[in-house]
Each structure stands twice: as C-alpha cells, then as structure tokens.
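Taking it in order: structure first as structure tokens, then the write-up.
The values are calculated or read from the model by the stated rules, or taken from the named source; none is laboratory data. Quantities reported herein were computed from a predicted structural model and do not represent experimental measurements. FYI the Cβ positions are ideal-geometry reconstructions off the backbone, even for glycines, and counts take in every protein chain you see.
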Amino acid sequence: MWRERYMRTGVPALGVLLVSVFAAGCTPEGPGDGIPTHPSDTYSVTLEWDAPTTDAVGRPLEDLSGYRLYYRETESAAGSETMIELGAETGVTVSGLPAGDYLFAVTALDTLGNESALSDPLPVQVGS
C-alpha cells in the first residue's frame, strides 16, 4: 500500500480538515438545483489542514519547514501517486483533475528534511 512506503520521522502525521471540490470553468450552482450550469471535463480540489504543534514524541515542534501533498486515483497501482512540494502554507488547490475517485494525503517536513508519515488518506470523489 502506498501509505506504508513512508517511515515516521521526527514530525507527526497531519490530519486533513477541509476539502472542497469545484468543477473548473463552470458556475458552482445551476438554477435552483445545486448542479453546475456548464459541466466540465476537469475539476479542482482544495485541501486545508492544521499545522502540527508537537513532534512524534510530544516535544514542541520548532523546526517545521513545509509540507508535501501526495495523491492518486484509487484504481491506480501503488507507487503511482503524484507528489507536490508545498511551502509552509496549510492548504493547497489541485486543479485539472478529471472525474474519478482520488486519495489525498499530506506529510510534514522539518528543517533537516525529515518527512513525517502520511496523514490518513482522504478519499475524494471528483465529478459524478
């Protein structure tokens, strides 16, 4: 499984708090029915999370340097995920996704380059 590829280091795993999915290039709501007025072939997913405050052993975390986002379609083979290097922002929008079912997870990095374990994978259905 893709989650098992990463070892826990000095930074704790993160929990994703908020996810938003939008169709690219269309109005968010149709006339009274909540369905996009212009169906699109691609979508964007916005993820936000809380920054960790302690390391893996419970000490105050003072050397957090950024995050990485990993995602893949659920039917994709393990090891086929996409990784995006993020700065210190606690959110990201991934655009240009075709309709499908995806798994998203985030890791934290410290100033030495140690990477935390993946957050719990978050399943997101994009499109219908």
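Quick notes on this one:
- Hits in the range 54-86 - residues which are assigned to a loop (DSSP other than H, G, I, E, B) and more than 20 Å from Ala108 (Cβ to Cβ): Thr74, Glu75, Ser76, Ala77, Ala78, Gly79, Ser80
- Selected residue (criterion: modelled with the lowest pLDDT) from residues of the range 75-88 that are farther than 16 Å from Leu122 by Cβ, out of contact with any strand residue (DSSP E or B) (no Cβ under 7 Å at 6 or more places or on another chain) and not charged (D, E, K, R): Ala78
This table checks each residue for (1) at positive phi; (2) in contact with an Asp or Glu (Cβ under 7 Å, 6 or more places away or on another chain).
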{"residue": "Tyr71", "(1), (2)": "no, yes"}
{"residue": "Glu75", "(1), (2)": "no, no"}
{"residue": "Ser80", "(1), (2)": "no, no"}
{"residue": "Gly100", "(1), (2)": "yes, yes"}
{"residue": "Ala108", "(1), (2)": "no, no"}
{"residue": "Thr111", "(1), (2)": "no, yes"}
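- Within the range 87-121, the set of residues being within 21 Å of Ala56 (Cα to Cα) and assigned to a strand (DSSP E or B) comprises Ala105, Val106, Thr107, Ala108, Leu109, Asp110, Glu115.
- One residue stands out in the range 102-117 among those that are of a type in the set (A, V, I, L, M, F, W, C) and at pLDDT 85 or above: the one that is farthest from the chain's Cα centre (by Cα), namely Leu112.
- When residues of the range 46-65 are limited to those that are small (Gly, Ala, Ser) and surrounded by 10 or more Cβ atoms within 10 Å (Cβ to Cβ), the one farthest from the chain's Cα centre (by Cα): Ala56
- Test: residue in the range 89-101 that is of a type in the set (Asp, Glu), out of contact with any strand residue (DSSP E or B) (no Cβ under 6 Å at 6 or more places or on another chain) and at pLDDT 90 or above: yes
- In the range 24-60, the qualifying residues are those that are modelled with pLDDT of 50 or more and of a type in the set (Ser, Thr, Tyr), and the one that is farthest from Ser116 (Cα to Cα) is Ser40.
- Flag for Leu97 being surrounded by 14 or more Cβ atoms within 10 Å (Cβ to Cβ) and more than 16 Å from the chain's Cα centre (by Cα): no
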